[in-house]
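Worksheet for the structure shown next.
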Amino acid sequence: MAEYKGEFSGKDVKIAIVISRFNDFISSKLLDGALDYLMRQGVYHNQIDIYWVPGAFEIPLVAKKVAKTKKYDGIICLGAVIRGDTPHFNFVAAETTKGIAQVMLSEEIPVAYGILTTDNVDQAIERAGTKAGNKGWQAAEAVLEMISLLKKIG
Ligand code: INI
């Protein structure tokens, strides 16, 4: 029997972060969480590039272009889609989620889903470094684990 698990080392990895400016009072907190985690794992500034996009809807395209450069071992997508009074939220959240998954599968690169999809601002704040943790931190953890696991698969 063989069992494979990813590790969390930041040694020799190159990470791209694609982050939405929309709701940046939340997304910047997700970025803080992701960077905090990466630094603790030994990923330093020269191993990280950050790409800002207007809104979550634009994240998949930029993530795909970034993946195609082949410069990165993994991509972290960060954003906050917060429900409003219209169905707009549903379309943005669904297309962003689907697009990010498509990039991961088509480009065969770990892409972490650090997108909050919440009913209100309070839920977003709770998940951006207050009482429910930091989704950016979790996304950074997931990307390192997946990079390591994929290297083991070869
Ligand atoms: N973009 C977000 O990142 N979060 C949101 O909550 C949001 N809402 O609700 O409208 C949002 N919309 C903008 C969208 O991502 C695009 O940038 C825009 O439609 C232009 O293409």
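A few comments on the model shown:
- Rg/Rg_globular for the chain, with Rg_globular taken as 2.2 N^0.38 Å and Rg from C-alpha atoms: 1.01
- Rounded to the nearest 20 debye, the dipole size of region 11-51 about its Cα centre is 60 debye, using +1 on the Cβ of Lys and Arg and -1 on the Cβ of Asp and Glu.
- Gain upon complete extension [Lys65, Lys14; 0.36 nm per residue less C-alpha separation]: 16.8 nm
- Computed on the chain, with alpha-carbon pairs under 8 angstrom and 6+ residues apart, the relative contact order is 34 percent.
- Charge dipole (debye, nearest 20) of region 1-89; +1 at Cβ of Lys and Arg, -1 at Cβ of Asp and Glu: 280
- Applying 1/(1 + (r/R0)^6) with r as the Cβ-Cβ distance of Ile50 and Gln102 and R0 = 22 angstrom yields a FRET efficiency of 0.50.
- Protein heavy-atom accessible surface, 1.4 Å probe, per residue over the chain: 55 Å².
- Based on Cα contacts under 8 Å between residues 6+ apart, region 17-101 shows a relative contact order of 42 percent.
- Note on the chain: GNM, Cα springs under 10 Å; of Pro110, Pro87, Pro60, the largest mean-square fluctuation is that of Pro87.
- Residue by residue, region 101-108 carries 3J(HN,Hα) couplings of 4, 4, 4, 4, 6, 6, 9, 6 Hz when phi is fed to the Karplus relation 6.51 cos²θ - 1.76 cosθ + 1.60 (θ = phi - 60°); x denotes Gly or Pro.
- Share of carbon and sulfur in the accessible area of the chain stands at 56%, probe radius 1.4 Å.
- Computed from Cα atoms, the angle from the helix 59-68 axis to the main principal axis of the chain rounds to 20 degrees.
- Choice from Lys98, Lys135, Lys14 with maximal GNM fluctuation in the chain (Cα, 10 Å cutoff): Lys98
- Dipole of the chain [Lys/Arg +1, Asp/Glu -1 at C-beta], most positive-end residue of Thr97, Pro110, Trp137: Pro110
- Set Lys71/Lys135; Lys14/Lys131; Lys11/Lys98; Lys64/Lys135; Lys64/Lys151; Lys5/Lys131 screened for pairs whose C-alpha atoms are more than 23 Å apart: Lys71/Lys135; Lys14/Lys131; Lys11/Lys98; Lys5/Lys131
- Long-range amide H partners of Ile76 with built H, under 5 Å: Ala16, Ile17, Val18, Ala112
- Residue-averaged 222 nm ellipticity for the chain, from DSSP H runs of 4+ at -39500 (n - 2.57), nearest 500: -15000 deg cm²/dmol
- When +1 charges are put on Lys and Arg Cβ atoms and -1 charges on Asp and Glu Cβ atoms, the dipole computed for the chain relative to its Cα centre reaches about 360 debye.
- Cβ-derived FRET efficiency at R0 35 Å, Lys152 paired with Ser28, nearest 0.05: 0.55
- Taking amide H as placed 1.01 Å from N in the peptide plane, Leu116 has its amide H under 5 Å from the amide H of Gly79, Ala80, Val81, each at least 5 places away in sequence or on another chain.
- Per-residue SASA entry for His45, accessible area with 1.4 Å probe, Å² rounded to 10: 140
The values are calculated or read from the model by the stated rules, or taken from the named source; none is laboratory data. From a predicted model like this one, the values you see are computed outputs, not experimental measurements. Here the Cβ is made from the backbone with ideal geometry for all residues, glycine too, and neighbour counts use every protein chain on show. Just so you know, the surface numbers come from the protein's heavy atoms only, side chains and all, with ligands and any DNA or RNA stripped out. Shrake-Rupley method; radii C 1.70, N 1.55, O 1.52, S 1.80 Å.
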